[in-house]
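Any read-out appearing in this document is the output of simple, stated calculations on the displayed coordinates, not a laboratory observation. A quick note: this is a predicted structure, and the numbers were derived from the prediction, not measured. Counting neighbours? That spans all protein chains shown, and the Cβs are built from the backbone with ideal geometry, glycine included.
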Amino acid sequence: MYELLKKEGLAKRGRLHTVHGTIETPVFMNVGTAAAIKGAVSTDDLRGIKTQVELSNTYHLHVRPGDQVVKQLGGLHKFMNWDKPILTDSGGFQVFSLAGLRKIKEEGVHFHSHIDGKKIFMGPEESMQIQSNLASTIAMAFDECPSSVADREYMEQSVARTTRWLARCKQEMERLNSLPDTINPHQMLFGINQGGVYEDIRIEHAKQITKLDLDGYAVGGLAVGESHEEMYRILDAVVPYLPDNKPTYLMGVGTPANILEGVARGVDFFDCVYPSRNGRHGHVYTNHGKLNLFNAKFELDDRPIEEGCQCPACRSYSRAYIRHLLKAKEMLGMRLCVLHNLYFYNTMMEEIRDALDAGAFHAYKEEKLKGVLGL
């Protein structure tokens, strides 16, 4: 159940009650594609850096180790030793990202595994079955994520199919949740709004999927090549047509600035690989812009990545030491940067919630933007 606590303009301060605990929103979900955060980050680490939700990937876990394996081991929470909420994305994004390895039909999508080339079929029912085996807190509906440059005719056909798939997902989820051997019979289902950069298609789709009265609604198919301005334009157009009394999730977004702008437009949930991916390459976020720790100017810099930061990296190590680790290709360097970045993101979300509680989000956003953009 979602509780809308208050609003400031369009920005929402909410609370989603789940079988695995309460999620305070706005929230950033830490991405652990294959049931682990890349960069040697454990679930104990996640607890220490204020993580509320971990996100894993349906397609990748289906391919390896196999969702049946995870089910036999008691579900994803038990498998990875994580007792807080988990969201699993549906495999729909892989329909987009593995374009050369798939064929889309009405019944679903035929894939070739990116690992061994083995044939895979995934449709709405299969995606729900895999996610039920994983026993995540929130399952995402199976959709097609069309290219942002797809023409109008293709986009209309794709979105219509995604709507038909969503009805099948809901029906299958209800069936699975009623079975006696289902690990999580309280699994929630979020639907996904698509339509590329066509405002009218997006709005019509939002109206249609809202009728299904799902647990939450995502805006998908953004951050796939269009400009930030186009993304904000679409959010301005579509979010008002998604229900206020349900969480809104902007998939795969983004930078700290994107998140601040998304919150201002009414988004509750975010996820992105940026903090972990950038961290693995020595790029770290601060309140004064992003730093590249490979730069020679940090060779003798004995300060932490950010003064006052309470993350495990900043509490114990200098920029100079972390730079040395990165240059020496020591895994610890990568790990410390990932921990710092995730802590930075999770702390920013905490600050956003505090600002909304105080009715001061707009002022906070302006100040924070100046810092994170290095202005």
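With n ≥ 4 as the cut-off for DSSP H runs, can you work out [θ] at 222 nm for the chain, using -39500 (n - 2.57) per run divided by the number of residues, rounded to the nearest 500?
Taking each H run of at least 4 residues, the total per residue is -12500 deg cm²/dmol.
Quick one: work out the % antiparallel among DSSP beta bridges in the chain, nearest 5.
50 percent
For the chain, find the longest principal axis of its Cα atoms and tell me its angle to the long axis of helix 124-134, 0 to 90°, nearest 10.
Around 50 degrees separate the two axes.
Around Ile201, with a cut-off of 10 angstrom between Cβ atoms, what is the net charge of the other residues, counting Lys and Arg +1 and Asp and Glu -1?
-2
What nm value, rounded to one decimal, do you get for the distance between Lys78 and His17 when each label is placed 7 Å out toward the C-beta?
Output for this residue pair reads 2.7 nm.
Can you list the lysines whose alpha carbon sits under 22 Å from that of Lys290, skipping same-chain ones fewer than 8 residues off?
Qualifying lysines at Cα under 22 Å: Lys38, Lys50, Lys327, Lys329, Lys365, Lys368, Lys370.
Using +1 on the beta carbon of Lys and Arg, -1 on that of Asp and Glu, and nothing else charged, what's the dipole of segment 282-375 about the Cα centre, debye to 20?
That gives segment 282-375 a dipole magnitude of about 420 debye.
When we measure straight from the Cα of Lys119, which aspartates and glutamates land under 19 angstrom away, once same-chain ones fewer than 8 places off are left out?
Asp67, Glu106, Glu107, Glu144
Return Val372, Val284, Val253, Val263 ranked ascending by Cβ neighbour count within 10 Å, so the fewest neighbours appear first.
Lowest to highest Cβ neighbour count: Val372, Val253, Val284, Val263.
How far, in degrees from 0 to 90, does helix 152-177 lean away from the longest principal axis of the Cα atoms of the chain, to the nearest 10?
The answer is roughly 90 degrees.
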